[in-house]
Amino acid sequence: MPVKFADHRDICPVAPCPGVQRCTTVWGEDLMLLYNTFEAGAAFPEHAHSEEQITYVLSGKLIVSAEGQTYPLTPGQCLLFPADVPHGLTAQEDTVVLDLFSPPREDLK
């Protein structure tokens with residue numbers, strides 16, 4: 001597989017729910033990177049998928065719920081969601097997040 005270059009600023013974002021914009025930035029055979037922005041108060045409903053996910057907060061504050069726990073995430077913090085674990089989140093302020101999926105999610109390509 002060749003080297004791939006991507007700049008999220010060149011990708012037209014998708015709005016999966018109100019106040020959320022997602023850019024599927026780049027993916028390979030085993031890994032996918034998404035760049036997401038959340039307006040303050042935006043919520044992404046609880047969901048689950050068969051891929052592992054790491055959510056890393058670049059800026060802002062995110063409240064994540066998973067397995068009956070609540071995790072407040074601030075810049076530099078992250079969570080790993082194993083496959084098939086239901087999780088949801090709410091942005092407490094304008095927030096920028098990187099999501100990594102392994103393997104890549106077909107529905108997000």
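The listed residues are Arg22, Arg9, and the only one of them that is free of Cβ contacts under 8 Å to residues at least 12 places away in the same chain and either more than 16 Å from Leu108 (Cβ to Cβ) or in contact with a strand residue (DSSP E or B) (Cβ under 9 Å, 6 or more places away or on another chain) (or both) turns out to be Arg9.
In this structure, Val85 does satisfy being part of a loop (DSSP other than H, G, I, E, B) and either within 10 Å of the chain's Cα centre (by Cα) or aliphatic (A, V, I, L, M) (or both). The set of residues in the range 78-109 being closer than 21 Å to Gln21 by Cβ and of a type in the set (S, T, N, Q) consists of Thr90, Gln92, Thr95. Considering Gln92, Gln53, the condition of being within 17 Å of Arg105 (Cα to Cα), surrounded by 15 or more Cβ atoms within 10 Å (Cβ to Cβ), in contact (Cβ under 8 Å) with a residue 24 or more places away in the chain and not aliphatic (A, V, I, L, M) is satisfied by Gln53 alone.
The set of residues in the range 57-77 being under 22 Å from Pro18 (Cβ atoms) and hydroxyl-bearing (Ser, Thr, Tyr) consists of Ser59, Ser65, Thr70. Hey, does the range 67-75 have a residue that's part of a strand (DSSP E or B) and touching a His at 6+ places or on another chain (Cβ under 8 Å)? There is no residue in the range 67-75 that is part of a strand (DSSP E or B) and touching a His at 6+ places or on another chain (Cβ under 8 Å). Scanning the range 38-45 turns up at least one residue that is of a type outside the set (A, V, I, L, M) and crowded, with 19+ Cβ neighbours inside 10 Å. When you scan the range 12-28, do you find a residue that is at pLDDT below 95 and either touching a helix residue (DSSP H, G or I) at 6+ places or on another chain (Cβ under 6 Å) or surrounded by fewer than 13 Cβ atoms within 10 Å (Cβ to Cβ) (or both), even just one? Looking for residues that are at pLDDT below 95 and either touching a helix residue (DSSP H, G or I) at 6+ places or on another chain (Cβ under 6 Å) or surrounded by fewer than 13 Cβ atoms within 10 Å (Cβ to Cβ) (or both), one finds at least one in the range 12-28, hence yes.
Of all residues assigned to the range 88-99, none qualifies as being touching a Ser or Thr at 6+ places or on another chain (Cβ under 7 Å) and more than 21 Å from Pro13 (Cβ to Cβ).
The values are calculated or read from the model by the stated rules, or taken from the named source; none is laboratory data. Every value quoted in this text rests on a predicted model; they were computed, and no experiment measured them. Because the Cβ atoms are built from the backbone with ideal geometry, glycine has one as well, and the counts that use them run over all protein chains shown.
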